[in-house]
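Below is one structure, written out as C-alpha cells; comments come after it.
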Amino acid sequence: MRFSWFYNLSAIAIRGLTLAAKFLLVICLVQYFQPSELGLYGVMAAIVAYALFFLGLEFYNYTSRTLVGASEIEQVLIIRDQFILYALTFVLTAPAFYILFYLSLVPYSLCFWFFILIIFEHASNELMRILIALSRPYLANFIYFLRQGLWIYILLPVFYFFPASRYFNLIFIVWITGAAFSIFIGFTALYNLPWKSMWIHPVRWKTMWQGLKVSRPFLVTAFSALSLLYIERFFVSYYCGMEAVGIYTFYAGLSVTLHNLVNTGVSKMRLAQLLAAWKQNDRQLFYGEAMHMLKYTTAFVLVFSALSIALVYPFVNLINKSVYLSNLHIFYFLLFGAACRSVADVPLYTLYAQHSDRLILLINLASFFIMVVGNAVLVPHYGLVGAALSSAGASLVLLGYAFVVMVQRTIRPFPLLQS
C-alpha cells in the first residue's frame, strides 16, 4: 500500500502516453501521407477492430470471472481453452475477411499484413485482460502501452529524420512488432504457471460452450458500441472514396480524444466507488457517487470542448493542407458526438453497477439503429457531413436514452430531491 499512489499515477500516465501516441500517429499520417492513404489506414483500423470483436466473441467476460480465485492448474486450463476457442474462431472467420480483400473492398496488397496483425493484436489484447483478471493491472497497462503506444514513439522519429522510410507498409510492420513484443512480455509474466498440466487434462468443450452462453448478452452491446466508432467509415468509403475517409479519420481522431480522456481519466477513476456503493446496498452513497461522476465528467467535457473549438482552426491551419481545412465543419459535429458519448458513460456506468445489462443492450441498440439508418440515408446525399451528422445523432440518442433511464432508476427514488 505504501506505493499505491505511485502505481495509480503511473497507470494513468501510461494510458495518457498511449492516447497521445494515437493522436500523434494521425498527425504524422496527415503530414507525410496523402488523404487517401490516411483513409486506407482508417479503414484498416476499423476492419481490425471488427476482426478482434469476431475473434474474441466477448468470451473474456466469462474467463475474467472464472480466473479469479481459481487454482493455478485451473487457470492454465481456462487460458488454454480460451485460446483454443480463439483459434477456432479465426479459422471460421478468416474466409469472410479474406473476401473483403478478394473483392478489392480493401487493397489486396494489405491482406497479408491484416491477418498477421489481427493474430498478434488479439493475442496481446487477451493477455492484457488475463493479467487484469489475475490482479496484475499495472503490467496489463504496460502491455497495452507496448501494443498501442511505444511503437508509435519509435516510428515517428524514423519518419521525421529519414524521409526515405516513409512508406505505408512500415506502419503495419512496426505495429505488428509492438504487438509481438507485448505478447512476449505477457507470456513471460505467466511463465511460472504449471503449463505442463494442459497436456494432461482434455479440452473442456462443454465449459467452453457455457462460457459462450455467458458472453452472449455482451455481444450485441459491444458490437453496437464498436459501430458507433467505426461503421461510418465503410459508408464514406463506398460512397465518397478513400480520400474522404482520410479526412473523416483525421477529424474523428481529433474528436475521439475527448471520449478517451474522459473514459480513462474521469469516469473509470470513480467507477470503483460507484460499484462499491451499489454492492454495499447504500443507495444514498450510490446516488452521491453517480452525481459526482456526472458533475466531473460534464465539467471536463465542457472545458475540453471549448478549448477544442478555440484551437482547432489554428491547429488545422498550421498543418497547411487545404483539403482538411475546407472540411473543418465536420469536426464540430464529431466533437458534439464525442461529448454526448462521454457524458453518456455516466448513466451507462450506473446501469452497469446495477447489473441492468438488458437496458444497456437496448440503449446501445437504439443508437446503433440511428447510426446505420443515418449513414445509409445521409451519406449518399451529403457525404462527410451526412456521416458526421449520423454520428452526432446516434450519440445524442445514446445520451438521451441512457439519461432518462438513469433518472428513473437512480435519481427519482431519492426523497432528498424533493426538498
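The values are calculated or read from the model by the stated rules, or taken from the named source; none is laboratory data. Predicted model, so just to flag it, every value in this text is computed and none were measured. Counting neighbours? That spans all protein chains shown, and the Cβs are built from the backbone with ideal geometry, glycine included.
Structure summary
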item	result
Some residue of segment 278-299 being closer than 30 Å to residue 24 by Cβ and either modelled with pLDDT under 85 or of a type in the set (S, T, N, Q) (or both)	yes
Test: residue 338 is more than 22 Å from the chain's Cα centre (by Cα), of a type in the set (A, V, I, L, M, F, W, C) and within 28 Å of residue 224 (Cα to Cα)	no
Filter result (part of a helix (DSSP H, G or I) and loosely packed, with under 14 Cβ neighbours inside 10 Å) within segment 139-165	154, 157, 158, 160, 161, 163, 164, 165
Filtered residues of segment 319-328 (kept if assigned to a helix (DSSP H, G or I) and surrounded by 12 or more Cβ atoms within 10 Å (Cβ to Cβ))	319, 323, 324, 325
Flag for residue 72 being charged (D, E, K, R) and surrounded by 15 or more Cβ atoms within 10 Å (Cβ to Cβ)	no
Output for segment 341-384, where each listed residue is assigned to a helix (DSSP H, G or I), among the polar types (S, T, N, Q) and either over 16 Å from residue 230 (Cα atoms) or modelled with pLDDT under 90 (or both)	342, 350
Any hit, segment 330-349, residues being among the polar types (S, T, N, Q), surrounded by fewer than 19 Cβ atoms within 10 Å (Cβ to Cβ) and not assigned by TED's automatic domain parsing to the domain that holds residue 61	no
Meets criteria (surrounded by 19 or more Cβ atoms within 10 Å (Cβ to Cβ), closer than 20 Å to residue 212 by Cα and in contact with a Lys or Arg (Cβ under 9 Å, 6 or more places away or on another chain)) for residue 125	yes
Residue pairs meeting the criteria (Cβ under 6 Å; at least 6 apart or on separate chains; first closer than 24 Å to residue 118 by Cβ, in segment 54-70; second of a type in the set (D, E, K, R) and crowded, with 18+ Cβ neighbours inside 10 Å)	60/129
Qualifying residue in segment 75-97 (condition: closer than 21 Å to residue 237 by Cβ and of a type outside the set (Ser, Thr, Tyr))	yes
Residue 316 being within 20 Å of the chain's Cα centre (by Cα), assigned to a helix (DSSP H, G or I) and in the same structural domain as residue 360 (by TED's automatic domain parsing)	no
Segment 1-41, subset modelled with pLDDT under 85 and of a type in the set (Ser, Thr, Tyr), residue surrounded by the fewest Cβ atoms within 10 Å (Cβ to Cβ)	4
Members of segment 192-212 that are surrounded by fewer than 10 Cβ atoms within 10 Å (Cβ to Cβ) and under 21 Å from residue 57 (Cβ atoms)	206
Among residues of segment 56-107, those that are touching a Phe, Trp or Tyr at 6+ places or on another chain (Cβ under 6 Å) and closer than 30 Å to residue 39 by Cβ, counted	3
Which listed residue is of a type in the set (Gly, Ala, Ser) and closer than 25 Å to residue 88 by Cα, from 164, 180	180
Enumerated helices (runs of 4 or more DSSP H) restricted to segment 196-280, each holding at least 2 residues that are aromatic (Phe, Trp, Tyr) and touching a residue at least 24 places away in the same chain (Cβ under 8 Å)	205-240, 242-262
